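Reading through the structure tokens given below for one structure.
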Amino acid sequence: MPRDRDPSGRPRNARPRDGLGRPLAHTGTGQERIPDDLVITGREAAVLADQLLRDGRPFHAHEVLEAAWKTGPPGERDLWQGLAQIAVGLTHARRGNPRGAATLLRRGAQRIRAYQASPSPYGMDIPAVGAAAADLAARVEQHGLDRIPPADLAPRLLAGSG
């Protein structure tokens with residue numbers, strides 16, 4: 001089977017994925033994919049990623065946040081990259097990987113720290129997101145994943161969403 005490639009020749013992965021981003025058989029029916037070439041505004045990315053996180057689809061939220069990181073203004077790249085790392089940390093937690101979860105949650109929380117004093121970009125509650133990610137990383141390291149309530153793995157990104 002030939003590889004799916006974008007117009008520049010870079011490989012794309014068109015395989016269907018489950019709700020946590022794990023590849024399914026080529027003939028399987030998975031979750032709706034986020035396009036590889038998604039171009040999205042900051043506000044659109046914040047709203048969509050918030051919904052995906054609250055729906056328990058952090059892998060897909062990561063894809064949206066990564067698109068904002070790659071296509072957004074250079075001054076926002078650390079913000080989007082940090083949020084994407086938090087989403088990947090949540091993906092690891094949902095997949096049962098405590099070490100990967102704690103590492104990426106902590107790394108993402110550190111990366112977005114510089115945006116906590118700024119006005120809330122795109123309606124996101126960056127201080128709450130960063131604090132929740134750091135707290136979750138500490139709890140995962142201390143107690144593992146078994147004692148983490150499912151609601152803690154579906155955080156809000158937008159202030160007042162819910």
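Quick one: in the range 50-60, of everything that is assigned to a helix (DSSP H, G or I) and in contact (Cβ under 8 Å) with a residue 60 or more places away in the chain, which residue is nearest to residue 106 (Cα to Cα)?
Top of the filtered list is 58.
Report yes if some residue within the range 63-81 is touching a Gly at 6+ places or on another chain (Cβ under 7 Å), crowded, with 24+ Cβ neighbours inside 10 Å and assigned to a helix (DSSP H, G or I); otherwise report no.
Yes: the range 63-81 contains one or more residues that are touching a Gly at 6+ places or on another chain (Cβ under 7 Å), crowded, with 24+ Cβ neighbours inside 10 Å and assigned to a helix (DSSP H, G or I).
Condition first: crowded, with 16+ Cβ neighbours inside 10 Å and outside any helix (DSSP H, G or I). Now tell me which residues in the range 96-116 satisfy that.
Across the range 96-116, the qualifying residue is only 97.
So residue 102 clears everything in (1) among the aliphatic types (A, V, I, L, M); (2) over 12 Å from residue 155 (Cβ atoms); (3) in contact with a His (Cβ under 7 Å, 6 or more places away or on another chain) except one condition, right? Which one?
With (1) among the aliphatic types (A, V, I, L, M); (2) over 12 Å from residue 155 (Cβ atoms); (3) in contact with a His (Cβ under 7 Å, 6 or more places away or on another chain) applied to residue 102, the lone miss is (3).
Considering the range 117-142 alone, what residues qualify as being over 19 Å from residue 41 (Cβ atoms), of a type in the set (Gly, Ala, Ser) and part of a helix (DSSP H, G or I)?
Scanning the range 117-142 gives 128, 130, 131, 132, 133, 134, 137, 138.
Is it true that residue 39 is of a type in the set (Val, Ile, Thr) and assigned to a helix (DSSP H, G or I)?
no
Readers should treat all values here as calculations from the given coordinates under stated rules, not as data from a laboratory. It should be emphasised that the depicted structure is a prediction, and the values quoted were computed from it without experimental measurement. Here Cβ is always computed from backbone atoms with ideal geometry, including for glycine, and neighbour counts include all displayed protein chains.
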